[in-house]
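S.K.: Encoded as structure tokens, here's the structure I'll be asking about.
Coordinate-derived values only; no laboratory data. Predicted, not measured: the structure shown is a model, and the values here were computed from it. Please note: Cβ atoms are built from the backbone with ideal geometry, for glycine as well, and neighbour counts cover all protein chains shown.
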Amino acid sequence: MAYSSSNTIMSVAAREIRQSLRSRGIMVTLSILLIVLVAGPFIGAHFLNQDSDPSERTIVLVGIDPSPISDPDFLIEAASNPTDVESRVRDGDIAAAFIHEGEQLTFVHDGQPSPRLQAFAQTLQHDMSLSATLNELGLSAEQFAAATPTIELVEKQVDNNVEPTPDRNEWDLSATLGGIFILMMSVTLFAANVGARVTEEKSSRIIELIVATVKPLDFLAGKIIGNVSFAVAATAAVLGVGTLSLRASGILHSTELNWSLIPVLFVSYFLGLLFFSSMYAAAGAMVQRTEDLQSTQMPIMLLIFVIVYTPATFFSQVDSDWMYWLAWIPPLSVGHAPLQYAAGNFSTWQFCLSMFLLLAFTTATIWLVARIYRIAILHNSSKLTWRQALRLKG
């Protein structure tokens, strides 16, 4: 039967998927991610909903007229018996109470008042002091407001080169940053697995039997396609479960997420996974032992670190010029382009152009990796450095 490159690639890809399913390291990591993504939203919702408990939001006033007091964070009630009110605070039925007797305002709490309660207490004290002062002067609140001059605040920008901060949904930025972190973890897990398998096949000399029957580049293509396909499917499943968990917990209903960020993150993730899988394949082909793989992986790991580190560390500088230009430089654009899009600094066509540059860079990298792999995979003397691998001829 005639040799078929497509059949070889598909067979190798299917073999890689089966091996991934049997990999204990991959399955354990995915299981941990599933547990975190399922349990995390419910734990977060529990703490978020603590403040929505009526007992945590109710304030009782004794000797104070509650009608002019309005605060969206609290439920204001009136009572007449200070002893009963103190018992309700002690039992946890209400958040706090304020008892006005003569010239004293007593703030009754459980010993650990929240910052919002403390702010409410200060505001209430100020308003009551102002009201008492106005009564002594014989002025009403309306008369005082009419006599108080209004100072208008006007902004003046003196640096015309600074563009105003665009209106944006901060949740989009936070969600995008979290998505970049999770997806780069997936890239590290699955792309590094490619390098480990290449080294394992080379160290066991099984690769010599394989390349005797199939073309090395067909074998490499199948290996990358299989791992990338499994990685995309597994990551989509994990994130799908996480999304359902967010919806079930109620967190997703309380936010307005820009759903166009999902394809944006997916495109950058797919191209990043393709790029790093090929890089790890080259790194694995340059060594004979798994112990030596760390030396050739180090430049790749540093690159991944920069892609994750810069958006996370300089998150507050997302509008700076240097962060903007990093989104145009592949492969750094894997982590920066989605963030610039979420921040409103990238239009759709700018993001597409950035991804096109990343695609072109990835294509050139795959061509270079194929050259290194074809020569280095049968190189059985000493381990190679990246410089030596690029100089090999064969």
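S.K.: Suppose we take every Cα in segment 179-233 and form the convex hull; what volume per residue is that in Å³?
M.R.: Considering the Cα atoms of segment 179-233, their hull volume per residue is 66 Å³.
S.K.: Please find, in a Gaussian network model of the chain (springs between Cα atoms separated by less than 10 Å), the residue of S20, S260, S249 whose mean-square fluctuation is greatest.
M.R.: Evaluated over the chain, the most mobile residue of the options is S260.
S.K.: Compare the peptides 116-127, 283-294 by average per-residue count of other Cβ atoms within 10 angstrom and give them in order, highest first.
M.R.: Output ranking for 116-127, 283-294: 283-294, 116-127.
S.K.: Next question, about the same structure. Using just the Cα positions, wrap segment 56-146 in a convex hull and report its mean projected area in square nanometres, one decimal place.
M.R.: For segment 56-146, the mean projected area of the Cα convex hull comes to 6.2 nm².
S.K.: Would you mind getting me the FRET efficiency between L302 and S6? Use the beta-carbon distance for r and R0 = 51 Å, nearest 0.05.
M.R.: With a Förster radius of 51 Å, E is 0.90.
S.K.: Would you compute, from DSSP H runs of 4+ residues alone, the mean residue ellipticity of the chain at 222 nm, taking -39500 (n - 2.57) per run and dividing by the full residue count, rounded to the nearest 500?
M.R.: -22000 deg cm²/dmol
S.K.: What's the extension gain from T148 to S87 if we count 0.36 nm per residue and subtract their Cα-Cα distance? Could you put the intermediate results ahead of the total?
M.R.: Numbers: separation 61, 0.36 × 61 = 21.96 nm, distance 4.19 nm.
Gain in length upon complete extension: 17.8 nm.
S.K.: Over segment 301-394, what is the relative contact order in whole percent, taking alpha-carbon pairs under 8 Å and six or more residues apart?
M.R.: 20
S.K.: Give me the distance in nm between label points sitting 7 Å out from Cα along the Cα-to-Cβ direction at S316 and I262, one decimal.
M.R.: For S316 paired with I262, the spin-label model returns 3.3 nm.
S.K.: Compare N380, N227, N193 in a GNM of the chain, Cα atoms joined below 10 Å, and give the one with the largest fluctuation.
M.R.: N380
S.K.: Starting from the Kirkwood Rh over alpha-carbon pairs, what translational D in µm² s⁻¹ does segment 263-341 have by Stokes-Einstein at 25 °C and 0.890 mPa s?
M.R.: Here the translational diffusion coefficient equals 181 µm²/s.
S.K.: In the chain, which whole DSSP H runs stretch at least 27 Å along their own axis (Cα) and average 0.5 or higher on the Kyte-Doolittle scale?
M.R.: What comes out of the filter, once short or polar helices are dropped, is 24-50, 170-203, 216-249, 261-285, 293-313, 348-376.
S.K.: Using a Förster distance of 35 Å, how high is the FRET efficiency between S80 and A141, based on the Cβ-Cβ distance and rounded to 0.05?
M.R.: It comes out at approximately 0.90.
S.K.: Follow-up question, since we're still on this one. Under 8 Å for C-alpha pairs, at least 6 residues apart: give me the relative contact order for segment 92-236, rounded to a whole percent.
M.R.: Relative contact order here is 13 percent.
S.K.: In addition: Give, rounded to the nearest 20 debye, the magnitude of the charge dipole that segment 56-146 has about its Cα centre when Lys and Arg contribute +1 at Cβ and Asp and Glu contribute -1 at Cβ. Spell out each step's value before the answer.
M.R.: Working: 4 positive and 15 negative charges, 31 e Å.
Rounded to the nearest 20 debye, it is 160 debye.
S.K.: Next question. Got a sec? Charge dipole of the chain, +1 on Cβ for Lys and Arg, -1 for Asp and Glu; which of T58, H109, L359 is way out at the positive end?
M.R.: Result: L359, furthest along the dipole toward the positive end.
S.K.: Here's a follow-up. Under a GNM of the chain (C-alpha, springs under 10 Å), which listed residue has the highest mean-square fluctuation: G92, G44, G250?
M.R.: Among G92, G44, G250, the largest mean-square fluctuation in the Gaussian network model of the chain belongs to G92.
S.K.: Starting from the Cα of S67, step 7 Å along the direction of its Cβ; do the same at R289; then give the gap between the two resulting points in nm.
M.R.: For S67 paired with R289, the spin-label model returns 8.8 nm.
S.K.: Please state, as a whole number in µm²/s, the translational diffusion coefficient that the Stokes-Einstein equation yields for segment 92-212 at 20 °C and 1.002 mPa s, with Rh defined as the Kirkwood radius across alpha carbon pairs.
M.R.: The estimated diffusion coefficient comes to 93 µm²/s.
S.K.: Something else about it: In nm, to one decimal, how far is the modelled label at M185 from the one at A132, with both set 7 Å along Cα→Cβ?
M.R.: Between M185 and A132, the label points sit 5.5 nm apart.
S.K.: Just for the Cα atoms in segment 79-119, what are the lengths along the principal axes, largest first, rounded to whole Å?
M.R.: Cα spread of segment 79-119 along its principal axes, largest to smallest: 26, 22, 14 Å.
S.K.: Another question, then. For a distance above 22 Å, tell me the whole-number percent of Cα pairs in segment 168-391 that qualify.
M.R.: Numbers: 13326 of 24976 pairs.
The calculated P(r) of segment 168-391 puts 53 percent of pairs beyond 22 Å.
S.K.: Can you give me the relative contact order of segment 177-305 as a percent, contacts being Cα pairs under 8 Å and 6 or more apart?
M.R.: That works out to 49 percent.
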